[in-house]
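Student: Following this message is one structure expressed as structure tokens.
The values are calculated or read from the model by the stated rules, or taken from the named source; none is laboratory data. Everything numeric here is computed off the predicted structure, so don't read it as measured data. Don't worry about glycine lacking a Cβ; one is built from the backbone with ideal geometry, like all the others, and counts go over all protein chains shown. Quick note on the areas: whole protein, heavy atoms, side chains included, nothing else; ligands and nucleic acids left out. Shrake-Rupley method; radii C 1.70, N 1.55, O 1.52, S 1.80 Å.
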Amino acid sequence: MRKYCLLLLVLLVSTGLCAQVKVAKPEDHGMDPDRLARGDAVIDEAIRAEDIPGAVLSVVRRNDIVYLKAYGNKSVVPDTVPMTVETMFDLASLSKCVGTTLSFMQLIEGGYVRLTDPVKRYIPGFKPWKDPETGEEVDIILRDLLTHSSGLSAYYDADLFVERFGTNQPDSLMHVIATEVDRQFKPGSDFLYSCLNFITLQHILENVTGERLSDYAELHVFAPLGLKHTCYFPLQKDLRTPSRHLDLLPLVAPTEVQSDGSVLKGAVHDPLARLANGGNSGNAGVFSNAVDLSRICMMVMNQGMARQDKKLGFSGEDTRILSRAAVRLMTTIPPANAPSVGRALGWDVKSEHSGLRGDLFNPETTLMHTGYTGTSLIIDLDSQTAIVLLTNRVHPADDGSVSRLRALVSNIVAGAIRY
């Protein structure tokens, strides 16, 4: 029976499950199809300018995908391969919201952790911020990590880490974050986007649950949502790797060409996630496609409920991933933080990084996040509209740009809403 299920999964992957997706008519959901089609021109222009090799765009309205299209090429090195809507992308920092945050919100609603718990409760020896003038010490709490208001430095040099500790040493990385990394300001008083915040959240989750983050997210988030093209890719031989990951590998878009001429594919681009954490990392490591991410957007807009939707390839019963209360908490800027922070839990609302929202979406009700590789999500809870824009701008070299493209697409989609 097990062999039969595995064979069925391989067949579904090889035939492209997303090919079964039925896209709704934009006009049936109050959107102007001609205005939406304007997005094609700006994406094609970015491809011609060599900002990106290709892209996949999905526009969601309420519980339907109303626009789904692939552009350009999935890869140009070593071979040119056309982009398809089935393509899976290295989500980079989108992993923070779709993997780590959704998992962590389940811990909050399950009574395992509290937002006001100090990090040292779960990571012994995690040092506080210390006022250089008065000597006052203030503990970093879980809310500070989720909103990037902890003051932890933005990153830690991966080459230096490997030189000190070698590869695949997650405990050593956590020790460095806990005891060595600078605390730049008093927790909750300012904003500094930091991958180290979410690596710390990863370790808290793993200490509380006894499971790797990648395993927890797959079992409690991705599987209940019915996602068949979303997973972490810890492909190192010394890590447990579900066989289905290898079956999905042909769908993955490559990222950057390495110094030895090899191309990263199915190994996370982020250096700390790949070298220090072996792909199982709180800041990066999830791979997914546009349809699966659209499903996540629908769940958030449905206040935690994933609806049965056979036309999108998702069968089964309606499934609640998060409580309404947890979604409300996740999507609200904590009032205890300084106004300059501008972040909800795991999502951006109106921080200095919120330019991808464009000029038309409601700044009070729009969630968003970006990934370094060229991925982004935007969810406007007010209009029940979401945008999934996936590119691999770091292929073949890390010199592409999508900042303006994201904002232009946002304006086009928002401007296409009639009612």
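Student: Select from T80, G210, L196 the residue farthest towards the positive end of the dipole of the chain; place +1 on Cβ of Lys and Arg, -1 on Cβ of Asp and Glu, and compute about the Cα centre.
Tutor: The Cα lying farthest towards the positive end belongs to G210.
Student: Given the convex hull over the Cα atoms of the stretch 102-149, what projected area results after averaging over all orientations, in nm²?
Tutor: Values: hull surface 15.2 nm².
Seen from a random direction, the Cα hull of the stretch 102-149 projects 3.8 nm² on average.
Student: Name the residues whose placed amide hydrogens come within less than 5 Å of the amide hydrogen of R320, ignoring near sequence neighbours (fewer than 5 apart) on the same chain.
Tutor: A306
Student: So how do D40, D182 rank on accessible area, 1.4 Å probe, biggest first, that is with the largest at the start? The partial results should precede the final answer.
Tutor: On the way: D40 25, D182 90 Å².
Result, largest first: D182, D40.
Student: Give me the orientation-averaged projected area of the Cα convex hull of the stretch 156-224, in nm², one decimal.
Tutor: Working: hull surface 24.2 nm².
Dividing the Cα hull surface by four gives the mean projection, 6.1 nm².
Student: On the first, second and third principal axes, largest extent first, how far apart are the outermost C-alpha atoms of the stretch 35-110 in Å?
Tutor: Sorted largest first, the three principal extents are 48, 35, 20 Å.
Student: Right, next: Is the shape of the stretch 268-419 rounded, prolate or oblate, going by the alpha carbon gyration tensor and its root eigenvalues a ≥ b ≥ c, with a/c under 1.5 for rounded and a/b larger than b/c for prolate?
Tutor: Working: a/c = 1.27, a/b = 1.14, b/c = 1.12.
Since a/c stays below 1.5, the shape of the stretch 268-419 is classed as rounded.
Student: Still on this structure: Provide, for q = 0.06 Å⁻¹, the log10 of I(q)/I(0) from a solvent-free Debye sum over equal Cα point scatterers in the chain.
Tutor: Scattering profile of the chain, log10 relative to I(0): -0.22.
Student: Relative to the first principal axis of the alpha-carbon coordinates of the chain, what is the inclination of helix 33-48, with its axis defined by its Cα atoms, in degrees from 0 to 90 and to the nearest 10?
Tutor: Here the helix axis deviates by roughly 70 degrees.
Student: Next question, about the same structure. Just add up the charged neighbours of V402: K/R +1, D/E -1, any other residue whose Cβ is under 10 Å from the Cβ of V402.
Tutor: Working: positive: R393, R404, R406; negative: D51.
It works out to a net charge of +2.
Student: Report ³J(HN,Hα) in whole Hz for each residue of the stretch 221-228, in order, from the Karplus equation J = 6.51 cos²θ - 1.76 cosθ + 1.60 where θ = phi - 60°; Gly and Pro get x.
Tutor: Running phi through 6.51 cos²θ - 1.76 cosθ + 1.60 with θ = phi - 60° gives 10, 5, 5, x, 6, x, 6, 9 Hz.
Student: Apply the Karplus parameterisation 6.51 cos²θ - 1.76 cosθ + 1.60, with θ equal to phi minus 60°, to every residue of the stretch 53-64 and state each ³J(HN,Hα) to the nearest whole Hz, in sequence, with x for glycine and proline.
Tutor: Once θ is set to phi - 60°, the couplings for the stretch 53-64 become x, x, 7, 10, 10, 10, 10, 10, 10, 6, 10, 9 Hz.
Student: What does the charge dipole of the stretch 88-169 about its Cα centre add up to, to the nearest 20 debye, if the Cβ of each Lys and Arg holds +1 and the Cβ of each Asp and Glu holds -1?
Tutor: Details: 8 positive and 12 negative charges, 62 e Å.
The calculation lands at about 300 debye.
Student: Select from L377, L405, L312 the residue farthest towards the positive end of the dipole of the stretch 307-419; place +1 on Cβ of Lys and Arg, -1 on Cβ of Asp and Glu, and compute about the Cα centre.
Tutor: L312
Student: Treating the angle as unsigned and between 0 and 90°, give the value, to the nearest 10°, between the Cα long axis of helix 170-179 and the longest Cα principal axis of the chain.
Tutor: Between helix and principal axis, roughly 50 degrees.
Student: Another question, if that's okay. Quick check for me: using +1 on Lys/Arg Cβ and -1 on Asp/Glu Cβ, what's the dipole size of the chain about its Cα centre, in debye to the nearest 20?
Tutor: Roughly 1300 debye for the chain.
Student: Using the Karplus curve 6.51 cos²θ - 1.76 cosθ + 1.60 with θ = phi - 60°, what ³J(HN,Hα) values do you get for each residue of the stretch 397-406, in whole Hz, with x for Gly and Pro?
Tutor: For the stretch 397-406, the Karplus curve yields 10, 7, 9, x, 9, 10, 4, 5, 4, 4 Hz.
Student: Rounded, prolate or oblate, given the Cα gyration tensor of the stretch 244-354, with a/c below 1.5 counting as rounded?
Tutor: Cα axes put the stretch 244-354 in the oblate bin.
Student: Pick from E180, E352, E86: which residue has the top mean-square fluctuation in a GNM of the chain where Cα pairs under 10 Å get a spring?
Tutor: Maximum among the listed residues: E180.
Student: Students often forget the sequence filter, so: which aspartates and glutamates lie under 13 Å Cα-Cα from K22 once same-chain residues fewer than 8 apart are removed?
Tutor: Leaving aside aspartates and glutamates fewer than 8 places away in the same chain, those within reach of K22 are D64, D309.
Student: Could I ask something else about it? To the nearest 10 degrees, how steeply does helix 2-15 sit against the main Cα axis of the chain, on a 0 to 90 scale?
Tutor: 60 degrees
Student: Follow-up. D117 to D131: extension gain in nm, 0.36 nm per residue of separation minus the Cα-Cα distance?
Tutor: Values: separation 14, 0.36 × 14 = 5.04 nm, distance 2.05 nm.
Here the segment from D117 to D131 would lengthen by 3.0 nm.
Student: State, to one decimal in nm, how far the label point of N207 lies from the label point of S153, with both points 7 Å from Cα in the Cβ direction.
Tutor: Once both label points are built, they end up 2.1 nm from each other.
Student: Hey, another quick one. Given only helices, namely DSSP H runs of n ≥ 4 each adding -39500 (n - 2.57), what is the per-residue ellipticity at 222 nm of the chain, to the nearest 500 deg cm²/dmol?
Tutor: On the way: 12 runs with 119 residues, N = 419.
For the chain, the value works out to -8500 deg cm²/dmol.
Student: Something else about it: Note down the nm distance, to one decimal, between modelled labels 7 Å out along Cα→Cβ at R35 and at D260.
Tutor: 5.2 nm
Student: Continuing with this model, one more query. Quickly work out the R62-to-S403 label distance, labels modelled 7 Å from Cα along the C-beta direction, and quote it in nm with one decimal.
Tutor: Those two pseudo-labels are separated by 3.8 nm.
Student: For V162 and A336, compute 0.36 nm times the residue count separating them, minus their Cα-Cα distance, and round to one decimal in nm.
Tutor: Values: separation 174, 0.36 × 174 = 62.64 nm, distance 3.77 nm.
Full extension of this stretch gives 58.9 nm more.
Student: Going through the stretch 77-157, which trypsin sites (Lys or Arg not before Pro) have at most 14 other Cβ atoms within 10 Å and a DSSP loop state?
Tutor: Values: sites: K96, R114, K120, R121, K130, R143; in loops: R114.
Those that pass, being in a loop and sparsely packed, are R114.
Student: Compute for the stretch 132-186: radius of gyration divided by Kirkwood radius, i.e. Rg/Rh, restricted to C-alpha atoms, rounded to two decimals.
Tutor: Working: Rg = 13.1 Å, Rh = 12.7 Å.
Rounded to two decimals, Rg/Rh equals 1.03.
Student: How much length is gained if the chain between D318 and K22 is pulled fully straight, taking 0.36 nm per residue apart and subtracting their Cα-Cα distance, in nm to one decimal? If you can, show how the numbers build up before the last one.
Tutor: On the way: separation 296, 0.36 × 296 = 106.56 nm, distance 1.89 nm.
Computed gain between D318 and K22 is 104.7 nm.
Student: Can you tell me the FRET efficiency between Q184 and A49 if r is taken as the Cβ-Cβ distance and R0 is 45 Å, rounded to the nearest 0.05? Before the final figure, lay out each step's value.
Tutor: Values: r = 36 Å, r/R0 = 0.80.
My answer for the efficiency is 0.80.
Student: Which of the three applies to the stretch 334-419, rounded, prolate or oblate, going by the alpha-carbon gyration tensor with a ≥ b ≥ c and a/c under 1.5 meaning rounded?
Tutor: On the way: a/c = 2.28, a/b = 1.22, b/c = 1.86.
Oblate is the answer for the stretch 334-419, as a/c is 1.5 or above yet b/c matches or exceeds a/b.
Student: So which of K228/K350; K96/K120; K186/K265; K127/K265 end up more than 30 Å apart by C-alpha?
Tutor: Working: K228/K350 32 Å; K96/K120 21 Å; K186/K265 39 Å; K127/K265 37 Å.
Violating the 30 Å Cα-Cα cut-off are K228/K350; K186/K265; K127/K265.
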